[in-house]
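Note sheet for the following structure.
The values are calculated or read from the model by the stated rules, or taken from the named source; none is laboratory data. Note that the structure is a prediction, hence the values are computed from the model and not measured. Positions of Cβ are generated from backbone atoms using ideal geometry, with glycine treated the same way; all protein chains shown enter the neighbour counts. Accessible surface areas use protein heavy atoms only, side chains included; no ligands, DNA or RNA. Shrake-Rupley method; radii C 1.70, N 1.55, O 1.52, S 1.80 Å.
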Amino acid sequence: PQLLERLGYRRHVNGKTREGANHPDRDAQFEHINAKAQAFLTAGNPVVSVDTKKKELVGTFKNPGSDYSPKGQPIKVDTHDFENKELGKVVPYGVYDIAANHGYVSLGIDHDTAQFAVNALRLWHENVGRARYPTASKLMVTADCGGSNGPRLRLWKSELQRLADETGLSIQVCHYPPGTSKWNKIEHRMFCHITQNWRAQPLTDRVTVGELIANTTTKTGLTIRCELDTNTYPKGIKVSDDQMASLNLTGDEFHPEWNYTIAPHPRPP
């Protein structure tokens, strides 16, 4: 070790800097998303960024980070992180309103499925979006290319069709290219602040999780509303070819697999 130090070597932890190969149209997709978002905002239509924050164990478990407490009196937590069967886990799914700098978090207690993701959008629209954008005819959603809101998920698109029919909104979806999820605005404008706010605080129960999320604010004016979603969301729901064919879906000219609009079905006279 001494010889290595004299040669200029030091012990390091792994640094997460390698992103792998970039898609050749990565930058062009960013420009496409920005142009679409600007057009929506100019027309007074909402643009939201969505994603799932990682699942969290509920109970007296260690939460990373540190916080102030009397000297020699750290908060005592369980030694092992074994799931408490009664308290379980929570799944925070976020909807971040870019123009309003406002977040909505649906705190699920079941599986992170496409039904759960779209229901978070539904709850945001019912509780926040409809009143904030009363004249909106369209909604733009930016999302990652994986997880419960991935572009390949049939259930994601099928559930968005249901939402479009219920609300009368045409829903424009734009996905960030693979490997670029950290550029999704919800990550660095909302989720990072939630993590900072609850550092070193054991998530002892669902009420505590909700309060820690809802009490997250920033100097730039971020506010967050958090509500518990107690519904169950079964895994493995299949969407048939006929159901997919019935969707009122139109792909953009540029990468239609990433960019598409789901419009409401025409209402019968």
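What residue, of Leu169, Leu247, Leu228, Leu222, is touching a residue at least 60 places away in the same chain (Cβ under 8 Å), farther than 26 Å from Ala136 by Cα and hydrophobic (A, V, I, L, M, F, W, C)?
Result: Leu228 is the single residue among Leu169, Leu247, Leu228, Leu222 that is touching a residue at least 60 places away in the same chain (Cβ under 8 Å), farther than 26 Å from Ala136 by Cα and hydrophobic (A, V, I, L, M, F, W, C).
Identify the residue in region 244-269 that is out of contact with any Ser or Thr (no Cβ under 6 Å at 6 or more places or on another chain) and of a type in the set (Ser, Thr, Tyr) and, among all such residues, is least open to solvent (accessible area, probe 1.4 Å).
Checked region 244-269; the qualifying residue least open to solvent (accessible area, probe 1.4 Å) is Tyr260.
Would you pick out the residues in region 226-239 that are under 18 Å from Val58 (Cβ atoms), of a type in the set (A, V, I, L, M, F, W, C) and open to solvent by 60 Å² or more (accessible area, probe 1.4 Å)?
Matches in region 226-239: Leu228 only.
Does Ile194 satisfy the criteria of being within 19 Å of Leu57 (Cα to Cα), aliphatic (A, V, I, L, M) and touching a helix residue (DSSP H, G or I) at 6+ places or on another chain (Cβ under 7 Å)?
yes
Search region 150-191 for residues being modelled with pLDDT under 95 and among the polar types (S, T, N, Q), and hand back the single one that is nearest to Gly221 (Cα to Cα).
Filtering region 150-191 for residues that are modelled with pLDDT under 95 and among the polar types (S, T, N, Q), the one nearest to Gly221 (Cα to Cα) comes out as Asn184.
So is Leu203 among the aliphatic types (A, V, I, L, M), assigned to a loop (DSSP other than H, G, I, E, B), touching a Phe, Trp or Tyr at 6+ places or on another chain (Cβ under 9 Å) and on the phi < 0 side of the Ramachandran plot or not?
Yes: the conditions hold for Leu203.
Looking only at region 223-257, count every residue that is touching a helix residue (DSSP H, G or I) at 6+ places or on another chain (Cβ under 6 Å) and either assigned to a loop (DSSP other than H, G, I, E, B) or acidic (Asp, Glu) (or both) and tell me the total.
5
Can you give me the number of residues within region 189-225 that are β-branched (Val, Ile, Thr), open to solvent by 60 Å² or more (accessible area, probe 1.4 Å) and within 21 Å of Lys89 (Cβ to Cβ)?
2
Would you check which residues across region 27-85 are assigned to a loop (DSSP other than H, G, I, E, B), aliphatic (A, V, I, L, M) and surrounded by 19 or more Cβ atoms within 10 Å (Cβ to Cβ) and list them?
Val58
Within region 135-148, can you find the residues that are open to solvent by less than 20 Å² (accessible area, probe 1.4 Å) and either without any contact (Cβ under 8 Å) to a residue 12 or more places away in the chain or in contact with a Leu (Cβ under 9 Å, 6 or more places away or on another chain) (or both)?
Leu139, Met140, Val141, Ser148
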